[in-house]
Amino acid sequence: MNTHPKCEPQSIRHRLDVKILNVLVRKSKTLRTEIRAKGRRRTARIAFDRSVIFALSKIYRFPAAWHTPTSMRPYRIAVATTINALDPKVVCEVGCGLGSILSRVHAQKRVGYDVSPGVLRAARLLRSRSIDFRSGSIDAVDLPSMDVLVLVNWIHEVSPEDLERMLLPLLPRTRHLMLDAIDADNAFGYQFKHDFAFLDGKARPLSSTRVDGEGRSFRLYEVIA
Ligand SMILES: C[S@@+](CC[C@H](N)C(=O)[O-])C[C@H]1O[C@@H](n2cnc3c(N)ncnc32)[C@H](O)[C@@H]1O
């Protein structure tokens, strides 16, 4: 073995070069798989959207991983389409994130609540001024009446008991609920998989929408007056 001190920096450099090369090979394989599955245009769009969200997450300090772009997760389009079919006047979303659903909803009044101040600042920058972004969670909702109350892609972090406790007081103030239910066999490791049994007799299921690759359904309920 050559242990000459002069050779060491070179061997470290060589090992580093090999590591970088391996990373590049892995990345280019992933990219080729993505292009095969999604096509060039969509892959480029996703890469662009992700870099915008990544930059915003650094500026406004929120976790980028929680905010994948709609080009990558088009469920928001399906959710907004279902809501728009109700021709709503007032739509409120709790856990609205960057406002990707609300920005696709057509309603005179759109209100989004979120607990992350950084996300709210980024959402205000990205979206129309006509969307009212507010700080807080379910217990902060003070709208006297809503056509649709949306809670999507975060309630899997809330226990059924807590969700029931927070949601039931709002039922007299909303006509519909849009909720997501993680599939029982979804292996991703979500903390809670709701069946919304606590809504029995209080709200009736109107529709359940599936989107490829989501492993969950998007459920629309009508509150029983
Ligand atoms: C994955 S993002 C989803 C955003 C949006 N619902 C969507 O589907 O595009 C989840 C958002 O819920 C927010 N959130 C998490 N727990 C919350 C809570 N208890 N109350 C309100 N917002 C919450 C997070 O800050 C984050 O912005």
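Of the residues 113, 75, only one is modelled with pLDDT of 95 or more, of a type in the set (Phe, Trp, Tyr), within 8 Å of the ligand (Cβ to nearest atom) and under 18 Å from residue 173 (Cβ atoms); which? Break it down stepwise before answering.
Values: 75 fails: under 18 Å from residue 173 (Cβ atoms).
Just one listed residue meets the conditions, 113.
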message = Being modelled with pLDDT under 95 and closer than 24 Å to residue 62 by Cα: is that true of residue 136 here?
response = no
request  = Please work out which one of (1) open to solvent by less than 50 Å² (accessible area, probe 1.4 Å); (2) within 19 Å of residue 93 (Cβ to Cβ) is the condition residue 183 fails and give its number.
outcome  = (2)
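Could you grab me the full set of residues in the range 102-130 that are open to solvent by less than 10 Å² (accessible area, probe 1.4 Å), within 19 Å of residue 62 (Cβ to Cβ) and among the β-branched types (Val, Ile, Thr)?
Once the filter is applied, which keeps residues that are open to solvent by less than 10 Å² (accessible area, probe 1.4 Å), within 19 Å of residue 62 (Cβ to Cβ) and among the β-branched types (Val, Ile, Thr), the range 102-130 yields only 119.
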remark   = Of the listed residues (71, 128, 100, 116), the one being under 14 Å from residue 150 (Cβ atoms) and polar (S, T, N, Q) is 100
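For the range 81-94, name all the residues that are in contact with an Asp or Glu (Cβ under 7 Å, 6 or more places away or on another chain) and either within 14 Å of residue 127 (Cβ to Cβ) or open to solvent by less than 20 Å² (accessible area, probe 1.4 Å) (or both). Spell out how you get there, then give the answer.
Here is the first cut: in the range 81-94, the residues in contact with an Asp or Glu (Cβ under 7 Å, 6 or more places away or on another chain) are 86, 88-91.
88, 91, listed by residue number.
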request  = Working only within the range 123-156, note down all residues that are within 10 Å of the ligand (Cβ to nearest atom) and in a helix (DSSP H, G or I).
outcome  = 123, 138, 139, 140, 155, 156
query = Are any residues in the range 82-118 assigned to a loop (DSSP other than H, G, I, E, B), in contact (Cβ under 8 Å) with a residue 24 or more places away in the chain and not aliphatic (A, V, I, L, M), and if so, which ones?
reply = 88, 89, 95, 96, 97, 99, 100, 116
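To keep it simple, each residue is scored yes or no on (1) open to solvent by 80 Å² or more (accessible area, probe 1.4 Å); (2) touching a strand residue (DSSP E or B) at 6+ places or on another chain (Cβ under 9 Å); (3) not aliphatic (A, V, I, L, M).
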| position | (1), (2), (3) |
| --- | --- |
| 15 | yes, no, yes |
| 20 | yes, no, no |
| 26 | yes, no, yes |
| 38 | no, no, yes |
| 57 | no, no, yes |
| 71 | no, no, yes |
| 79 | no, yes, no |
request  = Kindly indicate whether residue 197 is among the small types (Gly, Ala, Ser) and either within 11 Å of the ligand (Cβ to nearest atom) or open to solvent by less than 70 Å² (accessible area, probe 1.4 Å) (or both).
outcome  = yes
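The values are calculated or read from the model by the stated rules, or taken from the named source; none is laboratory data. Note that this is a predicted model, so its numbers are computed, not measured. When we count neighbours, we look across all protein chains shown, and the Cβ atoms used for this are built from the backbone with ideal geometry, even at glycine. Note: areas computed on protein heavy atoms with side chains; ligands, DNA, RNA excluded. Shrake-Rupley method; radii C 1.70, N 1.55, O 1.52, S 1.80 Å.
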